[in-house]
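What follows draws every value from the coordinates through simple rules; no lab data is involved. All of these numbers come straight from a predicted model, not from anything done at the bench. Glycine also receives a Cβ, built like all others from the backbone with ideal geometry; neighbour counts cover every protein chain displayed.
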Amino acid sequence: MRRLTLIAIPYLWLLALFLVPFLIVMKISLSEYALSIPPYSPYLDLSAGWAGLVKFLSQLDLENYIFLTTDDLYWKAYLSSLKIATLSTVITLLVGFPLAYGMARAATEWRPTLLMLVILPFWTSFLIRVYAWMGLLSQEGLINQLLLWLGVINAPLMILNTPTAVYIGIVYTYLPFMVLPIYSILEKLDESLLEAAEDLGCSRLMAFWLVTVPLAKNGIIAGCFLVFIPALGEFVIPSLLGGSKTLMIGKILWEEFFSNRDWPVASAVAIVLLVILIIPILLFQRNQQNQREADT
């Protein structure tokens, strides 16, 4: 009974905060838009009981989902989000792996300080940090002023309200999620393995590629998933840094809910996005399970 109670607590948490909201959104996605409050007319009448459920299933209408396939805006937004999230994950990996490697190879007394510097941005509001980047990337911002002062450019660069600004914002925001899993693996790396590889004729670069990178694979996979999954549905960064030129599904979802007030279509967009996210989430959970089994 004690074990059952312990297991039931997280499942009740998931039921209340994930499954029930998901079913509500699913119900709205199968409803019809209406000029009312709330702005939809549900096809499923729960007050009718079993008869209402049978009637709903017999008249099941996927019109909102079909609409997503007929309008170019939505599938282009999904593809653009996948592209931005994938490229951002790759850039974050290229930046984060050297940082994690440097932290792991630093002197033991310096590692807590370096780790604190990586976590330090979380002490500030996410929204404030994004607004700070708006000031840095604007034409009158510090970055342009510095480049002009150094003579690198003759006129201010247009960085804000471009896809470049979105990549910068995503990489900056989610960099700790890439660094920390890789660092946790590299910190435990046995340096005698590298010495053995060098004794067997490997150069330092080859030993790094053949020993360090494969051993850090689990941390790399975990970091990539932790960056890709939230970046795919990101809304704040493309809205504030990307402007109207950046097309991402998070922005479309916000506009459908709050600007167009078309809740059925917005719910259909959210359901499709969740289905897309389920694949990397399941892969991430499988990788975590394999890692736990390997550790035991």
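Structural remarks
- Ellipsoid semi-axes in whole angstrom, largest first, where each is sqrt(5λ) of the Cα gyration tensor of the range 64-295: 36, 26, 15
- Where only alpha carbons of the range 164-232 are counted, the Rg and the Dmax (Å): 15.1, 46
- Cross-link partners of K217 among lysines (Cα-Cα below 21 Å; sequence separation of 8 or more within a chain): K188
- Within-10-Å neighbourhood charge of D262 [Cβ basis; K, R +1; D, E -1]: -1
- For L30, net neighbour charge (Lys/Arg +1, Asp/Glu -1) across residues whose Cβ lies under 11 Å away: -2
- Extension gain for I66-L282 works out to 75.1 nm (0.36 nm per residue, less the C-alpha to C-alpha distance).
- Per-pair calculated FRET efficiency, R0 = 25 Å: E32 and L73 via Cβ, rounded to 0.05: 0.75
- Counted charge near I271, where neighbours are those whose Cβ lies closer than 15 Å (Asp, Glu -1; Lys, Arg +1): -3
- Membrane-span-like helices in the chain, defined here as complete DSSP H runs extending at least 24 Å along the helix axis by their C-alpha atoms with mean Kyte-Doolittle hydropathy no lower than -1.0, are 72-105, 163-186, 263-295; this is a sequence and geometry rule, not a statement about a membrane.
- Here the label points at F258 and W110, each 7 Å from Cα along the C-beta direction, are separated by 4.4 nm in the simple model.
- If the segment from E187 to T164 were pulled out straight at 0.36 nm per residue, it would be longer than the present Cα-Cα gap by 5.0 nm.
- Listed by chain and number, the lysines placed with their C-alpha closer than 20 angstrom to that of K251 are K76, K83; residues fewer than eight positions away on the same chain are left out.
- Estimated dipole of the range 195-278 in Debye, rounded to 20 [Cβ of Lys and Arg +1, of Asp and Glu -1, Cα centre]: 220 debye
- By the helix-only formula, in which each DSSP H run with n ≥ 4 contributes -39500 (n - 2.57) and the sum is divided by residues, the chain has a 222 nm mean residue ellipticity of -21500 deg cm²/dmol.
- Inter-centroid distance (Cα atoms) of the range 171-244 relative to the range 269-296, Å: 18 Å
- Sorted ascending by nearby beta carbons within 10 Å, beginning with the fewest, W75, W13 become W13, W75.
- Normalising the average separation of contacting C-alpha pairs (under 8 angstrom, six or more residues apart) by the number of residues puts the relative contact order of the range 209-296 at 31 percent.
- Student exercise, the chain dipole from Lys, Arg, Asp, Glu Cβ charges, in Debye to nearest 20: 320 debye
- Lys/Arg +1, Asp/Glu -1 at C-beta; the chain dipole; positive extreme among V171, L148, S125: S125
- Considering the range 146-191 at the alpha-carbon level, its Rg and Dmax are found to be 17.5, 51 Å.
- Taking the C-alpha atoms of the range 233-276, convex hull volume expressed per residue in Å³: 62 Å³
- Residues L99, L127, L274, arranged from fewest to most other Cβ atoms within 10 angstrom of their Cβ, appear as L127, L274, L99.
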